Structure formats: structure tokens, C-alpha cells
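Everything on this sheet refers to the single structure shown next.
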Amino acid sequence: MAAPHRSTFAREPDRPKFPAPSPPLPRRRLRQREVRRNLVLIADDAEDTRDLYAEFFGSRGLRAITARDGEEAVTLAISLRPDVIVMDLKMPRLDGVAATRRLKQDPRTRGIPIIVLTGYADKAIDKGALEAGAAGFLTKPCLPDDLEAAVRRVLDGAA
């Protein structure tokens, strides 16, 4: 009687030996500022202005959120803690100077730099934008490149 036929496939083929997977690296807890790095809040009552700067900042590696007035800017700043705020001076409900004062009096937001962006440079000085706590101000019309340069100077100074 003939021996049973053994298939050459009965044996398991030699498999490459891979090293055992390494254990996962310990997760580093990110501080809140690291997670939200380069977040710019743009507060302006003109929708076109908000959209223009937000889109421009997004194309340049900055994240932007927008507010329609000073009240909304204060609320967003408290909840999201942006790295810098671009604040229009003349807005409904709460103007830029009053919003700046409110933000600088609140311990949660007093460290956020604020750049006032206004078409009324003389009024920014007269109303006390710098005394309220603004880091500086730019006048409208303002080229997006100029505003980005000011924002980056403030971000670099805050780092």
C-alpha cells in the first residue's frame, strides 16, 4: 500500500519575523495655550471685513474666529481664550474701547493682547484705546499683510 500523499502546503510557510510592537509612548498633556496656538479673534461689525481677514489669516496658517460686536467678542474671548484679538473701535452694543476695558478687567482674559483696528485713529486716541489696555492700533483701510504683521509681532512677543 502506498503511503498517503502529503501536500507541500500542509506545512506553514516560513513567515518573516517582525519585532514585537513597541509600547505606546506616554501621552503628554498639552497646556491649553498649546492646543489653541495662533487663534485670532476678529471683532468687527462689518461682515466683509471679518470674512476678509478671517479668510486671509486661514490661508497664512492662523486660525480665526469672528464676532459681530463688542458683546460677542467678550463672550467668545472668555470661552475660547484666543491668543490675540483684533478689535474694531466702532461697533453696536459695546464699542471696542469698552470691550477692551472689560476684557482687561477680567482675570481670565486680561493677558490676551488686543489690537484696535479702526477708521478713526483720532477717536482711538481720544477714547483711550491704549489706556484701556490695547497693545496698539491700526487704521482702516488696513492691508491684510499689515494686520498679519501686527498680529505676528504680538504673538511672537507673547510666546
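Nothing in this text is a laboratory measurement; each read-out follows from the coordinates by a stated rule. No experiment lies behind these values; they were computed from the predicted model shown. We place every Cβ from the backbone using ideal geometry, glycine too, and count neighbours over all the protein chains shown.
A few remarks follow.
- Three-way shape label, the range 35-158, alpha-carbon gyration tensor, a/c 1.5: rounded
- For the range 55-65, 3J(HN,Hα) per residue [Karplus equation, 6.51 cos²θ - 1.76 cosθ + 1.60, θ = phi - 60°, Hz, x = Gly/Pro]: 5, 4, 4, x, 6, 10, x, 9, 9, 10, 10
- Neighbour net charge for VAL74 - beta-carbon separation under 13 angstrom, K R +1, D E -1: +3
- Built amide H within the under 5 Å cut-off of LEU117, gap 5+: MET87, ASP88, LEU89, LEU138
- Rounded to the nearest Hz, the phi-derived 3J(HN,Hα) couplings of the range 74-83 under the Karplus curve 6.51 cos²θ - 1.76 cosθ + 1.60 (θ = phi - 60°) are 5, 4, 5, 5, 5, 7, 9, 6, x, 7, where x marks glycine and proline.
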